[in-house]
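> Sharing a structure below in structure tokens format, with a few things to ask.
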Amino acid sequence: MPQKQISLAYYPREWQADCHKRKARFRVLALHRRAGKTELALMELIDAALKTTADLAYYVYLAPFLKQAKTIAWARLKQRLVPLLNVNAVTVNESELSIKLAHNGAVIRIFGGDNPDALRGVRLDGVVIDEVAQIKPEVWQDIIQPALSDRKGWALFIGTPSGVNLFSELFFRAKTLPDWGSALYTVYDTDALDTDEIARLRRDMSETSFSREYLCDFSAAGEDQLISLSDVQAATQRHYAITEYQWAPRILGVDPARFGDDRSVIFPRQGMVAFPPIVLRGVDNMDLASRVAAKIAEWQPDAVFVDAGNGSGVIDRLRQLKHEVTEVWFGGRPIDEAYKDKRTEMWCGLAEWIKLGGAIPDDVALKQDLAAPTYAFTQTGKRVLESKDDLKARGLPSPDLGDALALTFAAPVAAKTRFERQRDELARPRSRGEYNPLDMV
């Protein structure tokens, strides 16, 4: 007896059809507001659930909050499956927000990222993560990713760019890995909105907001982003002749690692030019002090600023070696009372330097560090920078390179005279056997 065909009345637009054809196991799609990304995501889940032959297949739609997921997806999922409901081909469980297919037992269920533990121990065949920029990174890294391993399940990440976070990290990382893929669709690619409405939005919104929300521009700064990706990228394209900065003071910023996965960084800057940093992992304070001392001997900086919170041992050792260093407490009192603490003041000085023409190395990790932190205002109106711990909670690494460069703005520095440099060179400690003109013969 021939099976009866049932239509779900889904007629994808051209861009949606293009997305459905992409076969990478992990797909990251940047889509503008009101593009129809939730409809696309639900149809991916439905199609997979209908076609699977796996035993007890399990598919999940995940939004940042359960209430949000229910509002966005649950009613739409049931509406899309009305033709199957009418012939008792699916069973709806309202309390669990799940739908079970009768012919193969596959389940589609709605979850919220605010209760990720509900997904622990679950075996997943496929998952859609919506509004990825708002998802806590550990939900993907520690819970969902392992759950996909048993049967090599797939994941679809959808969202609109919103600064530097898990979504931006996955989008750009997807371009470099063989089993990943990413795509971007602007408001001009989807035909989702009327042209007159697009024109109104472009007229009434700020250029940055329109670029971020409707052109999916990852470089467009968030409202609370201290340094935009576009400003950072511009800084990597600048180049100065040595005659344009050789008169300026030489400054070293040193940021010792806090934890095992952090980096110790030595960052040299002279005037409008930041030179490639020395990045070290797994070194103790004595080793780091030796590296800093070697850089001081080679470069003869006019000032060395070291994070005192994690680098007390480094500072002590450098002073034992007769080097002049300045300890900087990130939580200490700023020079300008407009800032809550010293770290905020230094980062704001760094941001201003970049906007005024500062040049930095074209380094991916550095660019991410600089564009990552957001800022806010205290109740007394003082500007405060996002903490390292809060950045890690967003799935971003500790901005060690950014902190080291920011340290070079700890205080005004005057360049040493030629006589002072010669004096310092004569007085610096030397290794055994190294010639010292001050030695008595």
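> Looking at the range 14-214 from every direction and averaging, what is the projected area of its Cα convex hull in nm²?
On the way: hull surface 47.3 nm².
Quarter of the Cα hull surface area: 11.8 nm².
> For the range 297-350, which GluC sites (Glu not before Pro) pass both filters: DSSP loop (anything but H, G, I, E, B) and at most 12 other C-beta atoms within 10 Å?
Details: sites: E298, E324, E327, E337, E345; in loops: E324, E337.
Filter output for the range 297-350: E324, E337.
> Here's another thing I want to ask about it. Evaluate the distance, in nm, between pseudo-label points positioned 7 Å from the Cα of D390 and of R203 along their respective Cα→Cβ axes.
3.7 nm
> 5 Å is the cut-off here: which amide hydrogens, built 1.01 Å from N in the peptide plane, fall below it relative to F157, excluding neighbours closer than 5 in sequence?
R27, V28, L29, I129
> Next question. With labels modelled as points extended 7 Å from the Cα through the Cβ direction, what inter-label distance (nm, one decimal) is found for K67 paired with D196?
It is 3.6 nm.
> Now, a different point. When the Cα centres of the range 97-149 and the range 371-394 are compared, how far apart do they sit, in Å?
30 Å
> Using a simple charge model, +1 on the beta-carbon of Lys and Arg, -1 on the beta-carbon of Asp and Glu, nothing else, what dipole does the chain show about its Cα centre, in debye to the nearest 20?
On the way: 58 positive and 60 negative charges, 148 e Å.
Using only the charged Cβ atoms, the result is roughly 720 debye.
> Of [x] 106, 25, 17; [y] 54, 23, 18; [z] 48, 25, 18, which is the value of semi-axes √(5λ) of the Cα gyration tensor in Å derived from the coordinates here?
The calculated read-out lines up with [y].
> Can you tell me the dipole magnitude for the range 229-418 around its Cα centre, using point charges on the Cβ only (Lys, Arg +1; Asp, Glu -1), in Debye to the nearest 20?
That gives a dipole near 260 debye.
> Let me know the shape class of the range 81-197, please: from the alpha-carbon gyration tensor, a ≥ b ≥ c as square roots of the eigenvalues, rounded when a/c is under 1.5, otherwise prolate if a/b is greater than b/c, or oblate. List each step's numbers first, then the result.
Values: a/c = 1.94, a/b = 1.24, b/c = 1.55.
Oblate, since a/c reaches 1.5 and b/c is not below a/b.
> Still on this structure, please answer the following. Could you tell me which GluC sites (Glu not before Pro) in the range 43-150 are loop residues by DSSP with no more than 10 other beta carbons within 10 angstrom of their beta carbon?
E94
> At most 10 other C-beta atoms within 10 Å and a DSSP loop state: those are the exposed chymotrypsin sites (Phe, Trp or Tyr not before Pro) I care about. Give me the longest piece of the chain that has none.
Working: sites that count: W247, F259, Y435.
Between exposed loop sites, the widest span is 1-246.
> Please give the contour-minus-distance gain from S312 to V279: 0.36 nm per residue of separation, less the Cα-Cα distance, rounded to one decimal in nm.
Working: separation 33, 0.36 × 33 = 11.88 nm, distance 1.88 nm.
Taking S312 through V279 to full extension adds about 10.0 nm, to one decimal.
> Which lysines does K175 reach when only Cα atoms under 18 Å apart count, and residues fewer than 8 places away in its own chain are ignored?
K21, K23, K367
> Per DSSP helix of 4 or more residues, -39500 (n - 2.57); summed, then divided by the residues of the chain. What does that give at 222 nm, rounded to the nearest 500?
Working: 17 runs with 145 residues, N = 441.
So the calculated ellipticity at 222 nm is -9000 deg cm²/dmol.
> Could you work out how much longer the chain between T53 and Q145 gets when fully extended? Use 0.36 nm per residue separation minus the Cα distance between them, nm to one decimal.
30.9 nm
> Quick check on my link table: of K342/K382; K70/K392; K67/K388, which ones sit more than 19 Å apart, alpha carbon to alpha carbon? List each step's numbers first, then the result.
Working: K342/K382 12 Å; K70/K392 28 Å; K67/K388 29 Å.
Beyond 19 Å: K70/K392; K67/K388.
> Along the charge dipole of the range 146-197, which of L148, A192, S168 sits closest to the positive end, that is, farthest toward it, with unit charges on the beta carbon of Lys, Arg, Asp and Glu (+1, +1, -1, -1)?
So the residue furthest toward the plus end is L148.
> Take each complete run of DSSP H in the chain, measure how far its Cα atoms stretch along the helix's own axis, and keep only those covering 15 Å or more with mean Kyte-Doolittle hydropathy at least 0.0; list them. Provide the component values of the computation, followed by the final result.
Values: long enough: 37-51 (21 Å, 0.53); 285-299 (21 Å, 0.07); 342-355 (20 Å, -0.55).
Result, helices passing both filters: 37-51, 285-299.
> With a cut-off of at most 11 other beta carbons within 10 Å, and DSSP calling the residue loop, which trypsin sites (Lys or Arg not before Pro) in the range 1-46 qualify? Please list them. Each step should come with its number before you reach the end.
Details: sites: K4, R13, K21, R22, K23, R25, R27, R33, R34, K37; in loops: K4, R13, R22, K23, R25, R33, R34.
Sites meeting the loop and neighbour criteria: K4, K23.
> Remind me, relative contact order of the range 128-251 in percent, using alpha carbon pairs under 8 angstrom and six or more residues apart? It would help to have the intermediate numbers written out before the result.
Details: 98 pairs, mean separation 26.3, N = 124.
Result for the range 128-251 is 21 percent.
> When a/c is below 1.5 the answer is rounded, else prolate if a/b is larger than b/c, else oblate, so apply that to the range 4-127 with a ≥ b ≥ c taken from the square roots of the Cα gyration tensor eigenvalues.
Rounded shape, in that the Cα axes give a/c under 1.5.
> Give the residue from W347, P334, G402 lying farthest towards the positive end of the charge dipole for the range 229-418; charges sit on Cβ (+1 for Lys and Arg, -1 for Asp and Glu) and the dipole is referred to the Cα centre.
Highest projection toward the positive end goes to P334.
> Stretch Y240-A17 to full length: gain in nm at 0.36 nm per residue minus the Cα-Cα span? Don't skip to the end; give the middle numbers.
Working: separation 223, 0.36 × 223 = 80.28 nm, distance 4.80 nm.
Extending this stretch completely gives an extra 75.5 nm.
> Now for a different question. Could you derive backbone 3J(HN,Hα) for the range 62-76 from the dihedral phi with the Karplus parameters 6.51, -1.76 and 1.60 (θ = phi - 60°), listing whole Hz in sequence and x where the residue is Gly or Pro?
My calculation for the range 62-76 gives 10, 10, x, 10, 4, 4, 5, 4, 5, 5, 6, 10, 5, 5, 5 Hz in order.
> If I take every Cα pair under 8 Å that is 6 or more residues apart in the chain, average their sequence separation and divide by the length, what percent do I get for the relative contact order? Walk me through the intermediate numbers first.
Values: 784 pairs, mean separation 65.3, N = 441.
Reported as a whole number, the value is 15 percent.
> Going by a ≥ b ≥ c, the root eigenvalues of the Cα gyration tensor, does the range 229-418 fall in the rounded group (a/c under 1.5), the prolate group (a/b larger than b/c) or the oblate group?
Note, shape of the range 229-418 comes out rounded.
FYI, it's all coordinate maths here, none of it is from the lab. Everything numeric in this text was worked out from a predicted model, so none of it was measured. Reconstructed Cβ throughout: ideal geometry from the backbone, glycine too, with neighbour counts over all protein chains shown.
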